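In what follows, a single structure is set out as structure tokens and then discussed.
The values are calculated or read from the model by the stated rules, or taken from the named source; none is laboratory data. Keep in mind it's a predicted model, so treat the numbers as computed, not measured. Cβ: placed from backbone, ideal geometry, glycine included. Neighbour counts: every protein chain shown.
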Amino acid sequence: MSELESLLRRLPAFPEPLPVLRDEDLPDSPHELFLDWLHAAIDNGSRQPHAMTMLTSRPDGTPVGRTLILKDIDDAGYHFSTHRSSRKGIEIAANPRVSFVFFWRESGRQVRVTGDAIALSEEVSQLDWSGRPSYAGEPNPDWQRYALRPDEFEFMQARLDRNHTRIEYRRDGGAWTHARVTTPAG
């Protein structure tokens, strides 16, 4: 075992006690569970609880991840923004299928949200642009606000024994179905 591997194995995994995710407590809507977990992270003082890793793919299929901030959630979906001419903007234009991964270390919780990114209106995009700290009073025609319209969620609640509890929600027509994920985590 290398010195680095030995060091990494000694690092603490998750704080105790960890919350428990129980089947009988699951709501019908994944949005409700997501908001419960997000608000818990905010209430517990998690640092940047609205930060997420967004995954897109290059034309050759290579996945690309970067950290963004969730802007809002409404009927349109889960909002985020970028320049249309940025790498992620170009990747979304070529393939709007994206995933977000939220991780709240303090509670051992992780959520993957997957769906299609839909461009929102120019009005919404410019309103978002004007609220940025770098806004200098001029519109930015390259700025785009998107909403990810989810059709899949995976909620993972860590356990100290590393047999994490995972629940997947999938959209079935207009309704959501959910089930425990029985394959090993990873």
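Search the range 1-24 for residues that are in contact (Cβ under 8 Å) with a residue 12 or more places away in the chain and closer than 15 Å to residue 165 by Cα and pair each with any residue that is part of a loop (DSSP other than H, G, I, E, B) and of a type outside the set (Asp, Glu) when their beta-carbon atoms are under 8 Å apart and the residues are at least 6 apart or on different chains.
14/108; 14/158; 14/160; 18/108; 18/158; 18/159; 18/160; 19/108
Please go through the range 51-81 and give me each residue that is more than 28 Å from residue 36 (Cβ to Cβ) and either among the small types (Gly, Ala, Ser) or touching a residue at least 12 places away in the same chain (Cβ under 8 Å) (or both), ordered by number.
57, 58, 59, 61, 64
State all residues of the range 62-103 that are surrounded by fewer than 17 Cβ atoms within 10 Å (Cβ to Cβ), hydroxyl-bearing (Ser, Thr, Tyr) and within 18 Å of residue 154 (Cα to Cα); if no residue qualifies, say none.
Residues satisfying the conditions do not exist here.
Give the number of residues within the range 134-169 that are over 20 Å from the mean Cα position of the chain (by Cα), surrounded by 15 or more Cβ atoms within 10 Å (Cβ to Cβ) and either part of a strand (DSSP E or B) or at pLDDT below 95 (or both).
Adding up the residues that qualify gives 2.
Please determine whether any residue of the range 8-21 is aliphatic (A, V, I, L, M) and under 15 Å from the mean Cα position of the chain (by Cα).
Checking the range 8-21: not a single residue is aliphatic (A, V, I, L, M) and under 15 Å from the mean Cα position of the chain (by Cα).
Using the structure shown, decide if residue 91 is farther than 17 Å from residue 151 by Cα and touching a residue at least 60 places away in the same chain (Cβ under 8 Å).
Judged against the criteria, residue 91 is not a match.
Go through the range 22-43 and give me each residue that's surrounded by fewer than 14 Cβ atoms within 10 Å (Cβ to Cβ) and either outside any loop (DSSP other than H, G, I, E, B) or touching a Ser or Thr at 6+ places or on another chain (Cβ under 7 Å) (or both).
Hits for the range 22-43 are 23, 24, 25, 32, 35, 36, 39, 42, 43.
Out of the residues in the range 111-133 meeting the condition of being within 18 Å of the chain's Cα centre (by Cα) and of a type in the set (Val, Ile, Thr), tell me which one is nearest to residue 81 (Cα to Cα).
Ranking the candidates gives 118 first.
Would you confirm whether any residue within the range 4-21 is hydroxyl-bearing (Ser, Thr, Tyr), closer than 27 Å to residue 120 by Cβ and not in a strand (DSSP E or B)?
no
Here's a check for you: in the range 106-133, which residue that is among the β-branched types (Val, Ile, Thr) and part of a strand (DSSP E or B) is surrounded by the fewest Cβ atoms within 10 Å (Cβ to Cβ)?
Top of the filtered list is 118.
Could you tell me how many of the residues in the range 9-21 are surrounded by 10 or more Cβ atoms within 10 Å (Cβ to Cβ) and either touching a His at 6+ places or on another chain (Cβ under 6 Å) or of a type outside the set (Gly, Ala, Ser) (or both)?
Total meeting the criteria: 5.
Please name all residue pairs, on different chains or six or more residues apart, with Cβ atoms under 6 Å, provided the first residue is in the range 141-152 and is in contact (Cβ under 8 Å) with a residue 24 or more places away in the chain and the second residue is of a type in the set (Phe, Trp, Tyr) and not in a strand (DSSP E or B).
143/129
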